[in-house]
Amino acid sequence: MIYAIVFLPLVGFLIAGALGPWIGVRASEFVTTGFLMICAVLSWIVFFDVALGHDHGYAPIIGNWMTVGDLKVDWALRVDTLTAVMLVVVNTVSSLVHLYSIGYMHEDPDRPRFFAYLSLFTFAMLMLVTADNLVQMFFGWEGVGLASYLLIGFWYQKPSANAAAIKAFVVNRVGDFGFALGIFLVFQLTKSLGFEEVFAAVPGLAGKTIHVFGMDVDALTLATFLLFIGAMGKSAQFLLHTWLPDAMEGPTPVSALIHAATMVTAGVFMVARLSPIFEYAPATLEFVTLVGAVTAIFAATVGLVQNDIKRVIAYSTCSQLGYMFVAEGVGAYSIGVYHLFTHAFFKALLFLGAGSVIHAMHHEQDMRNMGGLRKDIPFTFAMMIIGTLALTGFPFTAGFYSKDAIIEAAYAAGEHHHVAMFAFVATVVAAGLTSFYSWRLVFMTFFGARKDHAVQTDHADEEPTAAELAHADGDQTHQDHSHDHGHHAPHEAPIVMLAPLAVLGLGALGAGIVFGKYFIGHDYDEFWKGALFTGRDNHIIHKFHDVALGVGLAPTVVMALGFVVALYFYVLKPGTAQALARTFPRLYRFLLNKWYFDELYDFLFVRPAFALGRMFWKGGDGAIIDGLGPDGVAARVADGARLAVRLQTGYVYHYAFAMLIGVAAVVTYFIAGGLR
């Protein structure tokens, strides 16, 4: 069964990618979507057998991958509760995205290529989550990066899409370099890369140091720090987050697949899988907590003023990933995975719902040009409301259980650690900001008066500035090749797009209450069966249940406050946000331009890199290597040829004079030789 789950997407990729032009668009859609539907059903069966049943997992070996000296790597598929959870998340969301794409991409001429890329992405993610060693995990890790590059840049005719794809690829390579160094160090310390062997060796490495750059540092702290750098890149954490908003250049189904359940959660999964190592590196866990908390609050502040509907949800994803890392940083790995699980449903719902809105508005993504859509697309409106309620943590929705658990765990851990207490404050504040910008999206899109299909600054909720126009989102102007571009009344999407919304809506409502007792409740031990490791001193799963009532109510209170403020700004007294932006223009520009990280990185890294490249190109390669080498030799030959050509005048007396000079030279040579 596990072989079918992992390899059916690969088969779909090969069929659609290689045979798409011959079997046709419809066959490519049906084959890839059908295979993913089968994978989703089988994944739920594995989930019930392994996670909810009595099967403790297994790891069938496909074969030996490589053996080089002490390094022996087998290709095996590790199946335990953590794997089963990820299989459900990845294949359920991917199958629904495939189905949704049949409607959303119905007019795109390159559909076979698109569906092939989707299946390739899914296969790479499945290789990652079923890995039984760090090499196989790295293979899936890089495969996901490649497939995301192809999907983000799917509309390669657009320069902005190409730039976004390259940006995602390059930024992820920064994190992946740290991940690779971490893998090398783990092998140096344990002489193995298999999870079981590494985990068994880790307790004996506790407290040992390694000499690096003239310093003695804790070996496991350094190894886990390097591994987490990879997670920061893949999961778009603070400082390595800049690729994620630009990834919105890809089609909306790509946004749902990458940002809801798969690529961006790879880092969260990796930390959970390697929890037996991280548990012996408390300094790294504090760093994980700090990065997660800063990311949660940073992304939430930027999301407050974004006008592109997809970018608002993208920054929400970035913020929610910060929540997951906060949970893992305080040792509550199961709570982090629990939020990963619930988040997949409501975030995929929001992205696909946004795609339905874009479909209804004929590619318009600027929320300032929307309004009053709840009457035109009522089903999409209802699904977006469900997704927003779950995201903001409304009581009894999926997000309520998992996000509140993270905040309570941070508080419980913060009683003894200042970093965890900072994370508690940051996540509570971020919860209020999340509520505000989420309801802002709903009110701007579905309430108020209908706007024309053009940017109207006099009716915008915020005043456009020079900075905004200079950094206009590419998504707001791109021409989506998947739909007709005529000016028609907004309309509901076809059933093939609405059905996935309904399924995800059920998950957004019920995933928290149904599965909470397994992930973090009284069935914790029977559910995880040792798939997640917690040290002897780690009692966070028990402690967070005992926090004060006020702590548990805090996220709900700030969530309600965020809703009230958004309601006042955008429904009860429209224009308040615009006036506020005019009152604090510098703060507005600062948030609108995403804390100027793109400009900062452009100044620190991009421009110097281009300058260095030009120096080596023009000065090194052009002037020195080519100038003294091939081009120099060719130039001297050409100079000699030009001189020789000047001797060929065509006049007989010139040639006779040259012959006379030659005879004189010969005679002179022999006379001079005879004189010796």
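Values as computed for the structure displayed
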| item | result |
| --- | --- |
| From phi via Karplus (6.51, -1.76, 1.60), per-residue ³J(HN,Hα) for segment 517-527 in Hz, x at Gly/Pro | 5, 7, 5, 9, x, 6, 9, 3, 5, 5, 6 |
| Farthest positive-ward along the chain dipole, Cα basis, beta-carbon charges - from Gly230, Phe341, Ala165 | Ala165 |
| Between helix 549-567 and the chain: long-axis angle, C-alpha atoms, 0 to 90°, nearest 10 | 70 degrees |
| Pair Glu107, His545: separation of 7 Å Cα→Cβ label points (nm) | 5.6 nm |
| Net charge contributed by nearby residues that have their C-beta within less than 14 Å of Thr284 (K/R +1, D/E -1) | -4 |
| Proximal lysines to Lys594, defined as alpha-carbon separation beneath 24 angstrom and excluding residues fewer than eight positions away on the same chain | Lys158, Lys167, Lys234, Lys310, Lys347 |
| Accessible area of segment 298-387 divided out per residue, in Å², using a probe of 1.4 angstrom | 10 Å² |
| Nearest 10 degrees, 0 to 90: helix 2-23 Cα axis against the chain principal axis | 50 degrees |
| MRE, 222 nm, helices only [DSSP H, n ≥ 4, -39500 (n - 2.57), over the chain, to nearest 500] | -22000 deg cm²/dmol |
| Portion, in percent, of the accessible area of the chain that falls on carbon or sulfur, probe 1.4 Å | 70 percent |
| Prolate/oblate/rounded label for segment 90-137 (Cα gyration tensor, a/c 1.5) | oblate |
| In order through segment 606-617: 3J(HN,Hα) via Karplus (6.51 cos²θ - 1.76 cosθ + 1.60), integer Hz, x for Gly, Pro | 5, 5, x, 5, 5, 5, 5, x, 5, 4, 5, 6 |
| Local electrostatic count, Val337, Cβ distance below 11 Å [Lys/Arg +1, Asp/Glu -1] | 0 |
| Given 15 as the ceiling on other Cβ atoms within 10 Å, longest exposed-site-free region of the chain for GluC sites (Glu not before Pro) in DSSP loops | 108-414 |
| Ranked by how many other beta carbons lie within 10 Å on average, peptides 665-673, 583-591 from highest | 583-591, 665-673 |
| Per residue accessible area in Å² of segment 55-113, where ligands, DNA and RNA are left out and the probe is 1.4 Å | 35 Å² |
| Mean Cα-pair separation over length for segment 219-293, i.e. relative contact order, pairs under 8 Å, 6 or more apart, % | 44 percent |
| Relative contact order (%) - the chain, alpha-carbon pairs under 8 angstrom, separation at least six | 13 percent |
| Peptides ranked, highest mean first, by Cβ atoms within 10 Å: ranges 379-389, 232-242, 645-655 | 232-242, 379-389, 645-655 |
| Phe533 long-range amide H proximity, modeled H, under 5 Å | Ser275 |
| Amide proton proximity set for Ile62, modelled H, under 5 Å, gap of 5+ | Trp75, Ala76, Leu77 |
| Within-15-Å neighbourhood charge of Val85 [Cβ basis; K, R +1; D, E -1] | -2 |
| Nearest-ten-degree value, helix 418-446 long axis tilted from longest Cα axis of the chain | 90 degrees |
| Chain lengthening between Thr209 and Ile513 when straightened (0.36 nm per residue, less Cα-Cα) | 105.0 nm |
| Segment 256-370, relative contact order [Cα under 8 Å, separation at least 6], % | 35 percent |
| Phi to ³J(HN,Hα) by Karplus 6.51 cos²θ - 1.76 cosθ + 1.60 over segment 46-52, Hz, x for Gly, Pro | 4, 4, 5, 6, 8, 6, 9 |
| Proximal lysines relative to Lys543, as straight alpha-carbon distance under 17 Å, when same-chain residues fewer than 8 apart are discounted | Lys403, Lys517 |
| Mean Cβ neighbour count within 10 Å, used as a protection proxy, ranking 570-577, 43-50, 143-150, 636-643 highest first | 143-150, 43-50, 570-577, 636-643 |
| Lysines with Cα under 22 Å of Lys208, excluding same-chain neighbours fewer than 8 positions away | Lys191 |
| Cα gyration tensor shape for segment 50-145, rounded if a/c is under 1.5, else prolate or oblate | oblate |
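The values are calculated or read from the model by the stated rules, or taken from the named source; none is laboratory data. Predicted, not measured: the structure shown is a model, and the values here were computed from it. Note that each Cβ is placed from the backbone with ideal geometry, even for glycine, and that neighbours are counted across all protein chains shown. Heads up: the accessible areas ignore ligands, DNA and RNA and are worked out on the full protein's heavy atoms, side chains in. Shrake-Rupley method; radii C 1.70, N 1.55, O 1.52, S 1.80 Å.
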